[in-house]
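One structure below.
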């Protein structure tokens, strides 16, 4: 089953990506009464990637097993998962860069 990317679908995926990565501290605040520490932001990012991956896997399995599934919903879930993984990779890259910077500091 091949899906073609339409301008509307691309715009929706882009808007979703912007919403997911625009304010990570707001995502932490929604989860409870945690502070805005780095650990909380990291936990929210990992949780978001995990949840998005589970949702896209479930929808893809439904579509693959010929159960009635909206193709746009599947593509949107995959785009959400991809955006969450990209956010997680960006956080990882920042952590590695910060570690490397600390290691270059003179004692």
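At an R0 of 30 angstrom, the distance between the Cβ atoms of residue 101 and residue 36 translates into a FRET efficiency of 0.90. The mean of 1/r over all pairs of different alpha-carbon atoms in segment 34-104, once inverted, gives a Kirkwood hydrodynamic radius of 13.8 Å.
Taking all Cα pairs closer than 8 Å and separated by 6 or more residues, the relative contact order of segment 34-104 comes to 35 percent. The gain in end-to-end length when the residue 43 to residue 92 segment is fully stretched comes to 16.4 nm, 0.36 nm per residue minus the alpha carbon separation.
We did not get these values from a lab; they are worked out from the coordinates using the rules stated. All of these numbers come straight from a predicted model, not from anything done at the bench. All Cβ positions, even for glycine, are placed from backbone atoms using ideal geometry, and neighbour counts span all protein chains on display.
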